[in-house]
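Below: the structure, in structure tokens.
The values are calculated or read from the model by the stated rules, or taken from the named source; none is laboratory data. Here the structure is a predicted model, which is why all the values come from computation and not from measurement. Cβ: placed from backbone, ideal geometry, glycine included. Neighbour counts: every protein chain shown.
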Ligand code: NI
Ligand code: NI
Ligand code: NI
């Protein structure tokens, strides 16, 4: 058995948890926050057999990988129209930091 | 030293923490929630010497083991009396998922 | 790679997180509470290369070590003036419980 601990963005957590359940993995979600500048992350713990670790990593990568996304800016409300950018802006979202830990014992009571 | 991580039901957490303190174990409680359908769980971390791991596992099993419990249904309030079950219902409560992790170093500052 | 898990007092968490960032370490903060009597602690997870574990431990010790602090008591408001202590009182603050865990795999996606 291994314990997979993944720190991901809040906005990716629901689809990651759903994807894990769909593939038969049980997980636990811990409230967490970034150490600096990065607020709103979530820590997911997944216990899994050694031979399924790669499957779990693939699911995390598939749902959470760092990627660019185009965001349509909202129109300015009473703001300075000169600084308004009327086209979608590319921003970086997602990302995952993942630790796979060895386990001495695993029990379910 | 080992680090024991136990995911248990919220409703079992107070008596588990009390039982651990009574036997001289220090623990830390993390807010957590289930990955799917199972809301309101709690994650407990306990650092312990190798030779006391079994004692910690016995305490967790004793306080949190999955068990059936009879719940008296509340009487229907303005509901359909035909569907009201006037006798106690057996439900499953508790349960614990426990990981025992090896530790390279342990420090108290 | 190692995963360092430190349970510290809430009041030390901001300066620890700042000190870690300043030295280039990324960390994640989990909401936690003590098992008994000790409320308001915080759990910090830091992933680091093996050769920097001692640096991380030194930072934690430097920011969080158990120490005595003089607190000026507030003046009694409508209380018993006989029991009022008009000089600073020495109290114990801080402290850290630290686990260094081995890691099988580390990934960033
Ligand atoms: Ni294994
Ligand atoms: Ni040991
Ligand atoms: Ni290593």
Checklist entry - How many residues does the range A:1-24 hold that are facing another protein chain (nearest Cβ under 8 Å) and more than 22 Å from residue C:3 (Cα to Cα)? => result 4
Checklist entry - When you scan the range A:1-15, how many residues do you find that are more than 11 Å from residue A:101 (Cα to Cα) and out of contact with any helix residue (DSSP H, G or I) (no Cβ under 8 Å at 6 or more places or on another chain)? => result 5
Next on the checklist: Taking the conditions exactly as written (within 12 Å of the chain's Cα centre (by Cα), at positive phi and at pLDDT 80 or above), does residue B:94 satisfy them or not?
Outcome noted: yes
Checklist entry - Can you name the residue in the range C:2-12 that is part of a helix (DSSP H, G or I) and over 20 Å from residue C:53 (Cβ atoms) and is also farthest from ligand 1 (Cβ to nearest atom) among such residues? => result C:11
Checklist entry - Applying the selection to the range C:45-70, what residues are in contact (Cβ under 8 Å) with a residue 40 or more places away in the chain and outside any helix (DSSP H, G or I)? => result C:45, C:46, C:47, C:48, C:49
Item to check | Whichever residue in the range C:25-40 is in contact with a helix residue (DSSP H, G or I) (Cβ under 6 Å, 6 or more places away or on another chain) and more than 10 Å from chain A (Cβ to nearest Cβ) and, among such residues, is nearest to ligand 1 (Cβ to nearest atom) | outcome: C:35
